[in-house]
Amino acid sequence: MSLAAAASPPFPPSWAYPIRVAASQGQFHHAISLFLQMRASVAPRSSVPASLPAALKSCEALGLRALGASLHALAIRSCAFADCFTANALLNLYIKLPGLHHPSGTHGPSGKGGAESVTLEGARKVFDEMLNRDVVSWNTLILGCAENGRHQDALCMVKEMWREGFKPDSFTMSSVLPILAEHADITKGMVVHGFAIKNGLDADVFVGSSLIDMYANCTRMDYSVKVFDSLPDRDAILWNSMLAGCAQNGLVNAALRIFRQMLHAGVRPVPVTFSSLIPACGNLALLCLGKQLHAYVIRGRFNDNMFITSSLIDMYSKCGNISIARHIFDGIQSPDIVSWTAMIMGYALHGPATEALVLFERMEMGNVKPNHLTFLAVLTACSHAGLVNKGWEYFNGMSDQYGIVPSLEHCAALADILGRAGELDEAYNFISNMKIKPTASVWSTLLRACRVHKNTILAEEVAKKIFELEPRSMGSHVILSNVYSASGRWNEAAHLRKSMRNKGMKKEPACSWIEVKNKLHVFVTHDKSHPWYNRIVDALNVYSEQMRHLGYVPNMEDVFQDIEEEQKRDVLCGHNEKLAIVFGIISTPPGTTIRVMKNLRICVDCHTATKFISKIAAREIVVRDVNRFHHFKDGNCSCGDFW
DNA sequence: CTAGGGTTAG
């Protein structure tokens, strides 16, 4: 460290200058060290106020709470606290370092608020004691509230600052807009937008990107586009905001267009560019596109970025390609909790569910601590593999060993494990005695189980509970009606359907889709508009004949209407997953793996038929339904007929 | 002295 500059200072003598320079260059240790030397020397008192903001900033960066507290005392003793600039820096320190207590106001952790509220109390005290405040003071406190979940406080404070004659600026906007984005409060969001326009703040890129995010979170990408187009050239952040917004709203084509425009405009992609695009491919199961992005990632040497590798693992497994996902996972030197969880969830959804548990144990041995999502993944694996004892073990272990309180999702997963395994009474008791009040969705896992295990009596009781909580629950009405149909109680089924019609309830249209040669083919039930429709039906009829020879019997359980047998068979033939699968087979070279996605659960008959088709056509067929993956091969399915 | 974009679930 060179003291030369400080030892022979320019006129007027100043210690403050090198301290400020060091802090502004990120050399916080150096800044602190200079500050302490200054205090030990006979430096003029006037150096203290001028160097305090930089010293406080350095404390924040290095997390030095004790020194921070003594600087607070020094600020008061030296009268530097009267200076707005210095007091603001101190206020910021209280916001940024949780656990730094105001010397005169340490009440200790109060009630449920805990350390978080104590931290803000200290900041609030500093703020209240300030002799002079400016817009920065208000902005600092508002941001502190915004980032610590005190959303209402933050919004109230904006009104308060306005009342006291301070005009909100671009900093205020970009603290407030993320709050409105999180609450999807487009009404207040547009008020803020209007204020920004009126006060000439809308050309600011920080405000602009916050507005883009806010509208994107309110699923109004059209407004986001308008904001984006109205902003002056460019900023890489804005491009990435737009990309993330489109990707999260499922607008993959729009996202790709923006990606290309961005490259064209000479803006270099950064890791976040990909970590927002890749998950969108996974959610829509666009394997070809995902692979292209993967190639881009490799060329750009982004593949050592954990966010990207995790999203690639998730993307490949959601696209049905668990082995590539595993290959990427194996290439990571030390996986973090996110990549472990993504990989474990991949196996949980795919089939070799015990592999998920093996990975979980390896993860524990590697001293990576599981979080609530990891346990959700492990419980999902137990459910899909029918492992009841293991399920209980993990459910109890998560709180006993890791102090993670089971959430509603974990409880639902355990109820699912019990129900699928046929332990219906245990599942019923478990749900009835849960610490958290069960929701309709928890009960409906049991309703599904009742249907699989053909327990009509319990199904009726469970359905009653569901309808109390959610009178218009479409899925539950359908399942109960299926239960009635399956046990030949057509009158009850008909009555139920009538009451559904009276309530104006409509079944979610089922659809399946498949990507062939980079093009997406969507099949909606009863939609005959696909150009290959007749060819598909012809092929399906040929398969049906062969299937019958091999012993296939159509299963009518899932047919909703009580119609003649012959008609029912037609309905089943028209099931969109069958159309998508057969289209895949006749439009690709022999041996190609068929990957089909479906927006609902696969039906019993389609599941059986697909097993036969995989054998007859000698194809591996991967079906992703809304719940899990099915790998059909050689007449068998990886789910073991258990879903 | 105060500010912006991303990953795992359902």
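The values are calculated or read from the model by the stated rules, or taken from the named source; none is laboratory data. The model shown is predicted, which means the values in this text are computed figures rather than measured ones. Cβ: placed from backbone, ideal geometry, glycine included. Neighbour counts: every protein chain shown. Ligands, DNA and RNA are stripped out before the accessible areas are found, and what is left, the full protein with its side chains, is counted by its heavy atoms. Shrake-Rupley method; radii C 1.70, N 1.55, O 1.52, S 1.80 Å.
Values as computed for the structure displayed
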{"quantity": "Evaluation of A:ASN132 against (1) buried (at least 18 other Cβ atoms within 10 Å of the Cβ); (2) within 15 Å of DNA strand B (Cβ to nearest atom); (3) under 16 Å from A:ALA89 (Cα atoms) (one fails), failing number", "calculated": "(1)"}
{"quantity": "Residue ID - nearest to DNA strand B (Cβ to nearest atom), chosen from residues in segment A:162-194 that are over 25 Å from the mean Cα position of the chain (by Cα) and among the small types (Gly, Ala, Ser)", "calculated": "A:SER170"}
{"quantity": "Cβ pairs under 6 Å, 6+ apart, first in segment A:87-99 and of a type in the set (A, V, I, L, M, F, W, C), second more than 8 Å from DNA strand B (Cβ to nearest atom) and outside any helix (DSSP H, G or I)", "calculated": "A:ALA87/A:MET130"}
{"quantity": "Selection count, segment A:139-196, where residues are outside any helix (DSSP H, G or I), at negative phi and either of a type outside the set (A, V, I, L, M, F, W, C) or open to solvent by less than 30 Å² (accessible area, probe 1.4 Å) (or both)", "calculated": "8"}
{"quantity": "Exclusive hit being surrounded by 23 or more Cβ atoms within 10 Å (Cβ to Cβ), assigned to a helix (DSSP H, G or I) and touching a residue at least 24 places away in the same chain (Cβ under 8 Å), set A:CYS382, A:CYS411", "calculated": "A:CYS382"}
{"quantity": "Any chance A:GLU508 is closer than 21 Å to A:SER407 by Cβ and either open to solvent by 60 Å² or more (accessible area, probe 1.4 Å) or of a type in the set (Gly, Ala, Ser) (or both)", "calculated": "no"}
{"quantity": "Selection within segment A:290-313 - open to solvent by 40 Å² or more (accessible area, probe 1.4 Å) and either near DNA strand B (Cβ under 7 Å from one of its atoms) or of a type outside the set (A, V, I, L, M, F, W, C) (or both)", "calculated": "A:LYS291, A:GLN292, A:TYR296, A:ARG299, A:ARG301, A:ASN303, A:ASP304, A:MET306, A:PHE307"}
{"quantity": "Subset tally (residues that are more than 8 Å from DNA strand B (Cβ to nearest atom), within 19 Å of A:ASP169 (Cβ to Cβ), assigned to a loop (DSSP other than H, G, I, E, B) and among the charged types (D, E, K, R)) for segment A:197-239", "calculated": "1"}
{"quantity": "Qualifying residue in segment A:355-375 (condition: closer than 22 Å to A:LEU312 by Cα, open to solvent by 30 Å² or more (accessible area, probe 1.4 Å), touching a residue at least 24 places away in the same chain (Cβ under 8 Å) and part of a helix (DSSP H, G or I))", "calculated": "yes"}
{"quantity": "The one condition in (1) assigned to a helix (DSSP H, G or I); (2) open to solvent by 40 Å² or more (accessible area, probe 1.4 Å) that A:LEU579 fails to fulfil", "calculated": "(2)"}
{"quantity": "Odd one out for A:SER47 among (1) farther than 24 Å from A:PHE81 by Cβ; (2) at pLDDT 80 or above", "calculated": "(1)"}
{"quantity": "Residue in segment A:326-344 that is near DNA strand B (Cβ under 10 Å from one of its atoms), more than 30 Å from A:ASP204 (Cα to Cα), open to solvent by 60 Å² or more (accessible area, probe 1.4 Å) and part of a helix (DSSP H, G or I) present", "calculated": "yes"}
{"quantity": "Scope segment A:250-289; condition open to solvent by 50 Å² or more (accessible area, probe 1.4 Å), more than 11 Å from DNA strand B (Cβ to nearest atom) and not in a helix (DSSP H, G or I); matching residues", "calculated": "A:LEU251, A:ALA265, A:GLY266"}
{"quantity": "Within segment A:481-498, tally of residues that are under 11 Å from A:LYS454 (Cα atoms) and of a type in the set (A, V, I, L, M, F, W, C)", "calculated": "2"}
{"quantity": "Helices (runs of 4 or more DSSP H) contained entirely in segment A:440-513, each with at least 1 residues that are within 17 Å of A:ASN627 (Cα to Cα) and of a type in the set (D, E, K, R)", "calculated": "A:440-452"}
{"quantity": "Output for segment A:49-92, where each listed residue is at positive phi and open to solvent by 40 Å² or more (accessible area, probe 1.4 Å)", "calculated": "A:CYS79"}
{"quantity": "Any hit, segment A:592-605, residues being at pLDDT below 95, in contact with a Pro (Cβ under 7 Å, 6 or more places away or on another chain) and away from DNA strand B (no atom under 16 Å from the Cβ)", "calculated": "yes"}
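Results for (1) more than 15 Å from DNA strand B (Cβ to nearest atom); (2) part of a helix (DSSP H, G or I), shown as yes or no for each residue.
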residue: A:ARG20; (1), (2): no, yes
residue: A:ILE32; (1), (2): no, yes
residue: A:ARG39; (1), (2): yes, yes
residue: A:VAL42; (1), (2): yes, no
residue: A:GLU60; (1), (2): no, yes
residue: A:GLY68; (1), (2): no, yes
residue: A:ALA73; (1), (2): yes, yes
residue: A:TYR94; (1), (2): no, yes
